[in-house]
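Asker: Quick one: the structure is below, and I'll ask about it shortly.
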Amino acid sequence: MRVLENCEPKKVFYYFEEICKIPHGSGNTKEISDYLVKFAEAHDLEYVQDGMNNVVIYKPATPGYENAPTVILQGHMDMVCEKRPDVIHDFTKDGLNLSVENGCITANGTTLGGDDGIAVAYGLALLDSKDIAHPALEVLITVDEEIGLLGAEGFDCSVLKGRRLINLDSEEEGSIWISCAGGLCGNSYIPVRRVEAEGKKLKVKINGLMGGHSGAEIDKKRSNANILMGRFLYGLKKHADYEIISLAGGQKDNAITREANAEILTTAEDIPGIKAYAASCQSGLRDEYTGSDEGITIEITEEGTASVHVLHPVSREKVLFYLMQIPFGIRKMSGTIEGLVETSSNIGIVELREEEFFASSSVRSSVEAARDALSDKIEYLTEFLGGEYEIQGAYPAWEYRKDSPLRDKMVEVYQQMYGKEPNVVAIHAGLECGLFYKKIEGLDCVSLGPNMKDIHTSEETLDIESTKRVWEYLVKTLEALKN
């Protein structure tokens, strides 16, 4: 029996479970892209699969809708791959381990990929439908959204006829998203030197953090393990002599880092002081982050005597200076939209290599000048320390459109269905709508989706009843788009 056999709507959850069987982390999308192509061929539908593995599947209008404007339904096929430290899972080979609990779907210790697997499932269910009235559909599923909107950036929009686009990459039922932040990934590469040293090797592990999406959840004031590791190591200098062997934290620039690890070299005499400082630091951080990260833990593990390459003292200070100065969190709130984060930064990945310190930050802003200024700040910090800076995956903000017939129709349908207006909101997270808005002249777009919690974390959940309601709303919206 299928895990989601009893979940409604059956066809949506059938396809969701099918794609969950296929590994589809960012950068590993060929198999799921080919699955979409096979679906199109099996249903005798025209399609385009480009060189990046983006896929568009076309479905003609149903009777009576032949003259209605074409609608683009859009989402992305890749997912963020995160797991709990105690979970054994290879995202390049293993399907997800689904279960249903308290009305929600989870993946038992890994990310679920509801962001944005549910968009793929909605799209396939519509393409497979025989009894839903709709205009001509262009279901566009892109690759590598989670690592810089790369699929959308490289996609040739000339294969699309539609000028109405419904993006299915939001996670808040009852909200219609009509604007989003732009962003970029800023990578720092700082050369380091190493020297040979011998002493007592200790492992430092900072974990127990909530983590989360670096856009949608940056306003929750959660801590970042990379930032905390920098604070801990800097403060430790006042309590013990030590050298840094290794340092690593995070896997994705757009996920608030939940865990960071370091190895240090010290003397036997300094170990009690290091452990005492770790306990004191842990207590202070739990007080500081009450309400968001009370579970912060700093673990010190003795690993015996070792002769290893450690950072040269100058290189050590460069790494600590970077971690103490790198911007993290909200930098500015919007001056025009109440409660909206305008500009933020998240240092999602750090890795101390043999001859280089690498760090990657997700920089977001609804104001392009502010985004670029914050990126410049990281670039200057990097260059000041003798490093090089690289920008990847820069994407524009999705600007608010005052005149939007699609938005107005969707508000009208929502009022008819639920007797109240939806929340029409701008968000801080990045969406592919911004790129398509720039590429397709006259594009009218909105974004919607069902309730999901803790996306980009191992606690990610997808609400089943919400998924059903959003499906019904999407179907009613398509039925209403007759002109």
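The values are calculated or read from the model by the stated rules, or taken from the named source; none is laboratory data. A quick note: this is a predicted structure, and the numbers were derived from the prediction, not measured. Using ideal geometry, Cβ is built from the backbone for each residue, glycine included, and neighbour counts are taken over all protein chains shown. For accessibility, only protein heavy atoms count, side chains too; no ligands or nucleic acids. Shrake-Rupley method; radii C 1.70, N 1.55, O 1.52, S 1.80 Å.
Asker: Restricting attention to region 385-421, report how many residues are under 29 Å from the mean Cα position of the chain (by Cα) and among the polar types (S, T, N, Q).
Answerer: Residues meeting the conditions: 2.
Asker: Still on this structure: Looking at 414, 400, 418 in this structure, which one is touching a strand residue (DSSP E or B) at 6+ places or on another chain (Cβ under 6 Å), open to solvent by 20 Å² or more (accessible area, probe 1.4 Å) and aromatic (Phe, Trp, Tyr)? Walk me through it before giving the result.
Answerer: On the way: 414 fails: touching a strand residue (DSSP E or B) at 6+ places or on another chain (Cβ under 6 Å); 418 fails: touching a strand residue (DSSP E or B) at 6+ places or on another chain (Cβ under 6 Å).
The match here is 400.
Asker: OK, next. Please go through region 160-185 and give me each residue that is more than 18 Å from the chain's Cα centre (by Cα) and either closer than 18 Å to residue 146 by Cα or not charged (D, E, K, R) (or both), ordered by number. Break it down stepwise before answering.
Answerer: Narrowing region 160-185 to residues more than 18 Å from the chain's Cα centre (by Cα): 160-166, 173-176, 178.
Those that are more than 18 Å from the chain's Cα centre (by Cα) and either closer than 18 Å to residue 146 by Cα or not charged (D, E, K, R) (or both): 160, 162, 165, 166, 174, 175, 176, 178.
Asker: Between a residue in region 69-96 that is modelled with pLDDT of 95 or more and any residue that is open to solvent by 50 Å² or more (accessible area, probe 1.4 Å) and basic (Lys, Arg), which pairs come within a Cβ distance under 7 Å, given they are 6 or more apart or on different chains?
Answerer: Partner pairs satisfying both residue conditions: 69/163; 70/161; 89/83; 95/21.
Asker: Sticking with this structure for a sec: For the list (1) touching a helix residue (DSSP H, G or I) at 6+ places or on another chain (Cβ under 9 Å); (2) within 30 Å of residue 254 (Cα to Cα); (3) hydrophobic (A, V, I, L, M, F, W, C), I need the number of the one condition that residue 37 fails.
Answerer: (1)
Asker: Do we have any residue at all in region 412-430 that's at pLDDT below 95, β-branched (Val, Ile, Thr) and more than 30 Å from residue 325 (Cβ to Cβ)?
Answerer: yes
Asker: To continue, here is another question. Pick from 44, 50: which is farther than 16 Å from residue 123 by Cβ, touching a residue at least 24 places away in the same chain (Cβ under 8 Å), surrounded by fewer than 22 Cβ atoms within 10 Å (Cβ to Cβ) and of a type in the set (Asp, Glu)?
Answerer: Values: 44 fails: touching a residue at least 24 places away in the same chain (Cβ under 8 Å).
The unique qualifying residue is 50.
Asker: Within region 422-443, is there a residue that is at positive phi and more than 20 Å from the chain's Cα centre (by Cα)?
Answerer: Looking for residues that are at positive phi and more than 20 Å from the chain's Cα centre (by Cα), one finds at least one in region 422-443, hence yes.
Asker: Go through region 241-262 and give me each residue that's open to solvent by 10 Å² or more (accessible area, probe 1.4 Å) and farther than 22 Å from residue 83 by Cβ.
Answerer: Hits for region 241-262 are 241, 243, 245.
Asker: For residues that are of a type outside the set (Asp, Glu) and either closer than 20 Å to residue 3 by Cβ or without any contact (Cβ under 8 Å) to a residue 12 or more places away in the chain (or both), tally how many sit in region 464-483. Talk me through it step by step, then tell me what you get.
Answerer: If we filter region 464-483 for residues that are of a type outside the set (Asp, Glu), which is where we start, we get 464, 466-471, 473-478, 480-483.
Narrowing the set further to residues that are either closer than 20 Å to residue 3 by Cβ or without any contact (Cβ under 8 Å) to a residue 12 or more places away in the chain (or both) leaves 464, 466-468, 471.
Going through region 464-483 one residue at a time, the tally reaches 5.
Asker: Collect the residues in region 185-197 that are part of a strand (DSSP E or B) and either free of Cβ contacts under 8 Å to residues at least 12 places away in the same chain or open to solvent by 10 Å² or more (accessible area, probe 1.4 Å) (or both), keeping them in residue-number order. Reasoning before the result, please.
Answerer: Taking region 185-197 and keeping what is part of a strand (DSSP E or B), we get 185-191, 194-197.
Selection gives 185, 189, 191, 194, 195, 196, 197.
Asker: Further question on the same structure: Please enumerate the residues belonging to region 300-327 that are among the aliphatic types (A, V, I, L, M) and open to solvent by 70 Å² or more (accessible area, probe 1.4 Å). Let's see the steps before the verdict.
Answerer: Pass one, region 300-327, residues among the aliphatic types (A, V, I, L, M): 300, 306, 308, 310-311, 314, 319-320, 323-324, 326.
Within region 300-327, 314, 324 qualify.
Asker: Whether any residue in region 464-479 is outside any helix (DSSP H, G or I) and either out of contact with any Ser or Thr (no Cβ under 6 Å at 6 or more places or on another chain) or crowded, with 21+ Cβ neighbours inside 10 Å (or both) is what I want to check.
Answerer: Residues of region 464-479 outside any helix (DSSP H, G or I): none.
Taking every residue of region 464-479 in turn, none turns out to be outside any helix (DSSP H, G or I) and either out of contact with any Ser or Thr (no Cβ under 6 Å at 6 or more places or on another chain) or crowded, with 21+ Cβ neighbours inside 10 Å (or both).
Asker: Continuing with this model, one more query. When residues of region 337-361 are filtered for being open to solvent by 10 Å² or more (accessible area, probe 1.4 Å), assigned to a strand (DSSP E or B) and over 14 Å from residue 427 (Cβ atoms), how many remain?
Answerer: So the count comes out to 5.
Asker: Of everything in region 439-463, what is open to solvent by less than 10 Å² (accessible area, probe 1.4 Å), modelled with pLDDT of 95 or more and closer than 16 Å to residue 98 by Cα? Give them in sequence order.
Answerer: Within region 439-463, 460, 462 qualify.
Asker: Got a number for residues in region 450-472 being within 18 Å of residue 75 (Cβ to Cβ), among the β-branched types (Val, Ile, Thr) and touching a Gly at 6+ places or on another chain (Cβ under 8 Å)?
Answerer: The total comes to 2.
Asker: Tell me, which strands (runs of 3 or more DSSP E) wholly within region 259-336 include 3 or more residues that are under 28 Å from the mean Cα position of the chain (by Cα) and closer than 26 Å to residue 195 by Cβ? I'd like the intermediate steps shown before the answer.
Answerer: Details: elements: 260-266, 297-311, 329-333.
Answer list for region 259-336: 260-266.
Asker: From 165, 202, 233, which residue is among the hydrophobic types (A, V, I, L, M, F, W, C) and within 25 Å of residue 16 (Cβ to Cβ)?
Answerer: Values: 202 fails: within 25 Å of residue 16 (Cβ to Cβ); 233 fails: within 25 Å of residue 16 (Cβ to Cβ).
So the residue among 165, 202, 233 that is among the hydrophobic types (A, V, I, L, M, F, W, C) and within 25 Å of residue 16 (Cβ to Cβ) is 165.
Asker: Tell me, which residue of region 263-297 that is touching an Asp or Glu at 6+ places or on another chain (Cβ under 7 Å) and crowded, with 21+ Cβ neighbours inside 10 Å is farthest from residue 111 (Cα to Cα)?
Answerer: 265
Asker: Further, regarding this structure: If you take the residues in region 69-97 that are of a type in the set (A, V, I, L, M) and surrounded by 19 or more Cβ atoms within 10 Å (Cβ to Cβ), which one is farthest from residue 258 (Cα to Cα)? Step through it out loud before you land on a result.
Answerer: Initial filter on region 69-97 (of a type in the set (A, V, I, L, M)): 71-73, 77, 79-80, 87-88, 96.
Now drop any that are not surrounded by 19 or more Cβ atoms within 10 Å (Cβ to Cβ), which leaves 71-73, 77, 79-80, 96.
Details: 71: 39, 72: 36, 73: 33, 77: 24, 79: 18, 80: 14, 96: 21 Å.
Out of the qualifying residues, it is 71.
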